[in-house]
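What follows is calculated from the coordinates using simple rules that are stated; it is not laboratory data. These numbers were taken from a predicted model, which means no experiment stands behind them. All Cβ positions, glycine included, derive from the backbone under ideal geometry; neighbour counts span all protein chains shown.
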Amino acid sequence: MTASEALQAPAQTRPVRVRIAPSPTGDPHVGTAYIALFNYVFARQHGGKFVLRIEDTDQTRARRDSEQMIFDALHWVGLEWDEGPDVGGPYGPYRQSERGAIYAEHTQILLDKGEAYRCFCTSERLAELRAQQQAEKKSHGYDRHCRSLDNADVARRMAAGEASVVRLKAPTEGSIVVRDRLRGDVVIDHAQVDDQVLLKSDGMPTYHLANVVDDHLMHISHVIRAEEWISSTPKHVLLYKAFGWEEPAWYHMPLLRNSDKSKISKRKNPVSINYYRDAGILAPALLNFLALMGWSFGEDREKFTLAEMIPVFNLDRIALGGPVFNLDKLTWLNEKYIHDMSDDQLVDALLGWRLRRDYLKQLAPLIRQRIKKLDEFIPATDFFFAGDLDYSTVFDQFVIPDVLPADVAKGLLAFVERFEARETWSHEMLHDEAKAWTDELGWKSKHSFILLRLIATGRKASPGLFETMAVLGKEVLRRRVRRAAELIASGGKAK
RNA sequence: GACCCCAUCGUCCAGCCGGCCUAGGACACCUGCCUUUCACGCAGGCGACGCGGGUUCGAAUCCCGCUGGGGUCGCCA
């Protein structure tokens, strides 16, 4: 079947219910806003519901503050959800970590139906298996070592307290069809689908199980998600079949890209929604820009609001090529939005941005002793408000004595890695990391700290370096250090 | 490496159930106009159907192959 035939397939009669399911493992990602946008618009267009579900089943990576940041970021862009952990709804809880009993129950159903089995293989054995498959250049996948264990054996090992997971008993012959409504049918040999882990040894479900169970229980009618999921969709279809449930309609959106076409990543692009907010991008402009990534309004129109998009939205108009996220165009669109604001709207936007009371209040202790008159405040603090800084007058000071520029650049990136790895964000943490980092590189702090100061503030004299960095925030600091590193590595030629 | 997806200007999109396409719009870049400056605005320029085979009177549009790019291959999502 071709894509156009798939699109002509009988329309779903179920009420429209869509969702986004971010994982709270870091900063709120533009990719989340991107997918949320299309789900939101689709729901609104069809009078359906837009659900927010938090996928926090990875105990080792979930972060407490991350969930709240996701809420805040989605509120900021203006994509309001109808059901979610904070607002409730008829199919809660909407946080996967609170749905343990549901997953346990459904795992048991599959076990009872003979659609799943216990597996006692250790991660060591699996790692070895993978290494061996890699060495033999064979395709990867679990070898079904535990698939034929008999019940008595399983019971005995369970009783002995041996750790185990539950795996899906996937068919070994034939093929499965994934009906992607954007591309047509994708046929996958069952041989390509291995016996996926459904329940981890800590009792938590994997993404595959939790996702399918929740989408079904939450009556999700259309799954609009990123293309990176398309390879695991056969597993999900198999799960729907194993449970005997009706599948949702699948739509896999193209992936946002870095300028080298790889999947968008924080190493090559600012990916946090908070960065764009702090750098002075307006929420409607961000949404408008995101809508342009893979979709077109029609009639060559590029500037439009969310409300204007809803009635004309059409999934048929999704372009499947991976769109490169281009800051220049975002900035241009943002400019249009600013030009079209009234005086009051502009003032309000400014006051809601970094001219907010709580942000200015963070500046007060840093600047009080450094100004003699109020009129010195703005010139003394400009770098607290700017996004990217102009380094042209200080670039020649971006040096560490006796260190090659390429190594200075590399060293700076190592500093970014250090503060990225920390969960806390404070001037104490930044100070500790900067010191340890300087020592590790064998640099002198009188050199490395002035370099950081120049990069963070664009000047040699500023309030306390680490206090300043802390106020600037992780997103802006990361961007400035990365940009400076690029500049140094390229001899000042990068833009 | 295996599997899957994708393929129009540097970038984002339009066109793609074949002819109206000497391929349209936008960003970026360049030039000029406007202007006391800068910016805005306006006008113009540069610039693409990846390659090779088919099918057809006719292909950017349909088919096949190749090439290229991307994604996935975890007790992460």
What list of ³J(HN,Hα) couplings, whole Hz, do you get for the range A:182-195 from phi and the Karplus terms 6.51, -1.76, 1.60, once you set θ to phi - 60° and write x for glycine and proline? 9, 10, x, 7, 10, 9, 10, 5, 4, 4, 7, 9, 8, 7
Applying a 10 Å radius around every beta-carbon, put A:279-289, A:121-131 in order of their mean neighbour count, most first. A:279-289, A:121-131
Tell me the Rg and the Dmax, in Å, that the Cα atoms of the range A:440-495 produce. 11.7, 30
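If I take every Cα pair under 8 Å that is 6 or more residues apart in chain A, average their sequence separation and divide by the length, what percent do I get for the relative contact order? Please report the intermediate quantities before stating the final value.
Values: 661 pairs, mean separation 66.5, N = 495.
After rounding, I find 13 percent.
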For the peptides A:35-43, A:353-361, A:14-22, what is the packing order when you average, over each peptide's residues, the other Cβ atoms within 10 Å and list the highest mean first? A:35-43, A:14-22, A:353-361
If unit charges are put on Cβ atoms (+1 for Lys and Arg, -1 for Asp and Glu) and the dipole of chain A is taken about its Cα centre, the option from A:Leu255, A:His190, A:Phe243 lying farthest towards the positive end turns out to be A:Leu255
Helix A:100-113 sits off the longest principal axis of the Cα atoms of chain A, rounded to the nearest 10 on a 0 to 90 degree scale, by 30
Please state the shape class of the range A:347-452: rounded when a/c is under 1.5, otherwise prolate if a/b exceeds b/c and oblate if not, all from the C-alpha gyration tensor. prolate
So what's the net charge close to A:Gly442: Lys and Arg +1, Asp and Glu -1, counting the other residues with Cβ under 12 Å from its Cβ? -3
The range A:111-158 versus the range A:275-297: alpha-carbon centroid distance in Å: 45
Run the lone-cysteine check on chain A: no other Cys C-beta under 4.7 Å from the residue's C-beta. A:Cys121
Kindly work out what percent of the DSSP beta bridges joining two residues of chain A are antiparallel, to the nearest 5. 55
Hey, what do the phi angles of the range A:20-32 turn into as Karplus ³J(HN,Hα) couplings, whole Hz, using 6.51/-1.76/1.60 and θ = phi - 60°, x for Gly and Pro? 10, 9, x, 9, x, 10, x, 6, x, 8, 4, x, 5
Shape category assigned to the range A:167-221 from the gyration tensor of Cα positions, a/c cut at 1.5: oblate
Testing the spin-label approximation: label points 7 Å from Cα along Cα→Cβ at A:Arg147 and A:Gln45. State their distance in nm. 4.1
Dipole of chain A, Cα-centred, from +1 at each Lys and Arg C-beta and -1 at each Asp and Glu C-beta, to the nearest 20 debye? 880
Output the 0 to 90 degree angle, nearest 10, between the alpha-carbon long axis of helix A:357-367 and the longest principal axis computed from the alpha carbons of chain A. 50
Global form of the range A:66-162, assessed from the alpha-carbon gyration tensor, a/c cut-off 1.5: oblate
Only four residue types carry charge here, +1 at the Cβ of Lys and Arg and -1 at the Cβ of Asp and Glu. Report the dipole size of the range A:405-462 about the Cα centre in Debye, rounded to the nearest 20. 440
Expressed in nanometres to one decimal, the distance between label points 7 Å along Cα→Cβ at A:Ala155 and A:Arg356 is 6.0
Extended-chain gain in nm, criterion 0.36 nm per residue less alpha-carbon gap, A:Ser342 and A:Thr13: 114.0 nm
Testing the spin-label approximation: label points 7 Å from Cα along Cα→Cβ at A:His140 and A:Asp402. State their distance in nm. 4.4
Long-range amide H contacts for A:His29: which residues qualify at under 5 Å (H placed 1.01 Å from N, peptide plane, sequence gap of 5 or more or a different chain)? A:Ile273
Distance from the range A:348-425 to the range A:185-214 (C-alpha centre basis), Å: 45
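Working out 0.36 nm times the residue gap between A:Ser490 and A:Lys444, then minus their Cα-Cα distance, what length gain in nm do you get to one decimal?
My answer for the length gained is 14.2 nm.
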Charge dipole of the range A:309-351 about the Cα centre (unit charges at C-beta), most positive-ward option of A:Met309, A:Val324, A:Asn334: A:Val324
Cα axis of helix A:445-457 to longest principal axis of chain A: angle in degrees, 0 to 90, nearest 10? 80
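Which order do the peptides A:190-203, A:149-162 take when ranked by the mean count of other beta-carbon atoms within 10 Å per residue, highest first? Write down the numbers at each step before the final one.
Numbers: A:190-203: 18.1, A:149-162: 11.2.
Averaged packing, sorted descending, gives the order A:190-203, A:149-162.
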Förster-model FRET efficiency, 41 Å R0, A:Glu162 and A:Ala436, C-beta, rounded to 0.05: 0.50
Report Rg(Cα)/(2.2 N^0.38 Å) for chain A, keeping two decimals. 1.11
Set the Förster radius R0 to 56 Å, insert the Cβ-Cβ distance between A:Leu320 and A:Lys373 as r into 1/(1 + (r/R0)^6), and round the FRET efficiency to 0.05. 0.45
